[in-house]
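The values are calculated or read from the model by the stated rules, or taken from the named source; none is laboratory data. This is a predicted model, so every value here is computed, not measured. Cβ placement follows ideal geometry from the backbone for every residue including glycine, while neighbour counts extend to all protein chains displayed.
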Amino acid sequence: MQSLISRSPFNIQCVAGGTLEHCEFLAEIEAAKDPRIAMIEQLIKETERPGDIWVYNIGFERARLTEIANDLPKYKDAAFAIAERLRDLMKPFQQKLYYTPAMDGRYSIKKVLPALVPEMNYDALEIQEGGTASATFEAMISGTFKGDVLTTRKHLLEYCKLDTFAMVKILEKLYAVV
């Protein structure tokens, strides 16, 4: 089954240690409209500035951009241009270039974040991991969601905000050791 990419939270930082600008996008739920269209249009707009785009799990993100390029040919060039700028923050942990026992031999962002930044974790959030976030949003899009849409949308945005801020804090820790 194809994952539905419909959110693009990220932070923009022009210089390491510089001012951080949080950007978020969660597609509106509109019947008969592919939520990826609004998402890719927003992503194109927000990534006009040059520079690297840091992600956690480049394989997943590139696969979603390739799906957009294949399914929505109008956005093919832009999707591939964005994919070329992606850099994988997971790589140093996956390749054991940086390791601490608190990671328990794993390199998911949910393990790396509290190991490097102990005061930050996902425990206080209603939605605590990406699989749940994706499944929840897909249920909202398909009309099978049974909860409060506005409250859940807020919870999704809170999860996304922490996920992207986690990458900023992890990157800061890596910069501090190199």
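Below is a table of values for the structure above.
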quantity	calculated
Some residue of segment 141-156 being closer than 18 Å to LYS110 by Cα and assigned to a helix (DSSP H, G or I)	yes
Qualifying residue in segment 65-80 (condition: among the hydrophobic types (A, V, I, L, M, F, W, C) and assigned to a loop (DSSP other than H, G, I, E, B))	yes
Residue that is in contact with a strand residue (DSSP E or B) (Cβ under 8 Å, 6 or more places away or on another chain), of a type in the set (Val, Ile, Thr), modelled with pLDDT of 85 or more and under 27 Å from MET140 (Cβ atoms), where the choices are ILE53, ILE44	ILE53
Long-range neighbours under 6 Å by Cβ, at least six apart or interchain, first residue acidic (Asp, Glu) and modelled with pLDDT of 90 or more within segment 109-123, second in a loop (DSSP other than H, G, I, E, B) and loosely packed, with under 14 Cβ neighbours inside 10 Å	none
Any hit, segment 59-76, residues being within 16 Å of LYS173 (Cα to Cα) and among the hydroxyl-bearing types (Ser, Thr, Tyr)	no
LEU157, sole failed condition from (1) more than 19 Å from ALA27 (Cβ to Cβ); (2) in contact (Cβ under 8 Å) with a residue 24 or more places away in the chain	(1)
Qualifying residue in segment 147-168 (condition: aromatic (Phe, Trp, Tyr), modelled with pLDDT of 90 or more, surrounded by fewer than 17 Cβ atoms within 10 Å (Cβ to Cβ) and over 24 Å from GLY51 (Cα atoms))	no
Subset of segment 23-81 that is aromatic (Phe, Trp, Tyr) and under 26 Å from LYS110 (Cβ atoms) - its residue that is surrounded by the fewest Cβ atoms within 10 Å (Cβ to Cβ)	PHE60
Criterion (over 16 Å from the mean Cα position of the chain (by Cα), among the aromatic types (Phe, Trp, Tyr) and part of a helix (DSSP H, G or I)) met by exactly one of TYR175, TYR98, TYR159	TYR175
Criterion: over 22 Å from LEU26 (Cα atoms) and in contact with a Leu (Cβ under 7 Å, 6 or more places away or on another chain) - qualifying residue of PRO101, PRO92, PRO118, PRO114	PRO92
Qualifying residue in segment 88-97 (condition: surrounded by fewer than 16 Cβ atoms within 10 Å (Cβ to Cβ) and closer than 30 Å to GLU41 by Cα)	yes
